[in-house]
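Below is one structure; the comments refer to it alone.
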Amino acid sequence: MNVYDSHRMAMMLQDMGYVKTDLQQDADLVLFNTCHIREKAAEKLFSDLGRALMIKNERAENGLQTVIGVAGCVVQAEDEQIFKRAPFVDFAFGPLTYHRLPQILKDIEAEKQSCVLDTNFPAESKFDFLPQNKAEGGCSFLAIQEGCNNFCSYCVVPYTRGVEYSRPVEDVLAEAKRLISTGTKEINLLGQNVNSYHGEDARGVERNLAYLLNKMAELDGLKRLRYTTSYPADVDDDLILCHKNLDILMPYLHLPVQSGSDRILKLMNRRHTAETYLEVIGKLKDANPNLRFSSDFIVGFPSETDEDFAATLDIVDKVGYIQAFSFKYSKRPGTPAADMEGQIPEKVKKERLDILQTKLFDLQTKFNQASVGKTFDVLFESSGRHKGQLTGRTPYMQNVYADASNNDLGQILKVKILSATTNSLEGKVANNG
Ligand code: SAH
Ligand code: SF4
């Protein structure tokens, strides 16, 4: 979601005449887009800001001005504390108000204002005010939803991104068409819980995610479709049917379970148990036997015992994830879990994370190794590790490196896989287009 938001901000800045630079020393404007999901992500901002200040001071010695801004969820959570901890920041705004970026910058340039802070939960939707989106390559994110109503007890998202809002169907389709016309072949529909999507159609009727996926599948020129993130309890039969009927829907689904222990899932305020989760997985696999899964995991949630943790390892074995993200529980101020009894010592969290990740990486490696000798459609996204090489993704989101020309960027080519590691595959383009 932050990648999508950053892309939209970069587009707005481009429309204002800004150009991107890879050298921070050259930047007249430095804008940090921030994540507050775990403590480490938030702390990183303040060390990055310290470095930005040093560069700002160096530039000032050469008579150059530097504007520093901070966007995103850290701002929403910290509010004016941002300026207390980093008084040299010129402006800051939360994730729901970045459509106001051009006006904020104009006011700062006109020296009408400094230290602008905007952490409203505005009545208007930012999406109605953003300029049209443009593709940056063959794959694009498209936000169909903002916020979340689930209030998982560990999570800050409902507090930083507010209540859930679904964009109207026509708006999503219009943005998709624009992305396709500017070079996109794959669209990943984004939201914190896309399964509860309920955007209105042109007649004002609320439609679900399955309806939207069917509409997306009709778009000319779109080759691949994905959606992220799914909330297991909200996967309905209509959605499951999409995995049977829509060829364009990729056979890879991120379906976060978080824990395999029902006691912990209850404390997390997740609305699924290990059993109901596995039922959903079973139905999805019946709909499309080629479907493979990834997940998010939290280890060391308050009061988690060795037995609870063993249940998490058990569900990993049962599902056989091909990729996963796993985290140590991180206390987020203001969330119910932060005040729960039985906070787990850091050392135990680390031990459990190591055990879980060893298992997950092992599964990932095995899946990648089983790909050797097979031929996949690969959508090439960017330059590879050496000259004459590109990198792209298989339908299963595996990273593939292969020799190809720059003309192949944004194209889908057949690639035969020659070797595999935990994180990537190497292959050979099997045809020339
Ligand atoms: N809406 C998505 C993603 C939420 S944030 C979902 O429900 O899956 C991405 C992941 O960060 C979560 O799935 C969770 O695994 C992790 N996460 C969220 N809050 C956390 C916390 N306080 N400590 C550790 N990990 C956390
Ligand atoms: Fe956070 Fe839960 Fe919402 Fe995901 S579903 S954003 S984990 S509250």
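Brief remarks follow.
- Considering only alpha-carbon pairs that sit under 8 angstrom and 6 or more positions apart, the relative contact order computed for the range 375-432 is 34 percent.
- With the convex hull drawn around the C-alpha atoms of the range 166-234, the volume per residue stands at 77 Å³.
- Potential lengthening of the chain between R263 and K414 amounts to 49.8 nm, from the contour at 0.36 nm per residue minus the alpha-carbon distance.
- The label point for D79 and the one for E275, both projected 7 Å from the Cα toward the Cβ, are 4.4 nm apart.
- Cysteines in the chain lacking a second Cys C-beta under 4.7 Å: C35, C73, C115, C139, C148, C242
- Environment charge of H198, counting only residues whose C-beta is closer than 12 Å and scoring Lys/Arg +1, Asp/Glu -1: -4
- Cα extents of the chain along the three principal axes, largest first (Å): 62, 59, 51
- Sorted on the mean count of surrounding Cβ atoms within 10 Å across their residues, most packed first, peptides 163-175, 117-129 read 163-175, 117-129.
- Around D128: net Lys/Arg minus Asp/Glu count, Cβ-Cβ under 10 Å: 0
- Whole-Å distance, taken between Cα centres, linking the range 179-219 and the range 109-139: 22
- Estimated inter-spin distance, K215 and D339, nm [label 7 Å along Cα→Cβ]: 4.2
- Computed over the range 126-349, the ratio Rg/Rh where both radii use C-alpha atoms and Rh is Kirkwood: 0.99
- Radius 11 Å from Cβ of D306, net charge of other residues (Lys, Arg +1; Asp, Glu -1): -3
- Contact order relative to length of the range 328-433, as percent, for alpha carbon pairs under 8 angstrom and 6 or more apart: 23
- Largest first and in whole Å, the equivalent-ellipsoid semi-axes of the range 5-95 read 21, 17, 11, each the square root of five times a Cα gyration tensor eigenvalue.
- Fully extended contour minus Cα-Cα distance, from D26 to H386, at 0.36 nm per residue: 126.9 nm
- Across the range 386-395, coupling constants 3J(HN,Hα) worked out from phi with the 6.51/-1.76/1.60 Karplus curve, θ = phi - 60°, read 10, 4, x, 10, 10, 10, x, 10, 7, x Hz, and Gly and Pro carry x.
- C-alpha center-to-center spacing [the range 328-379, the range 27-60] in angstrom: 27
Where a number appears in this text, it was derived from the coordinates with a stated rule and is not lab data. Quantities reported herein were computed from a predicted structural model and do not represent experimental measurements. Every residue, glycine as well, gets a Cβ built from its backbone with ideal geometry; the counts of neighbours run over all protein chains shown.
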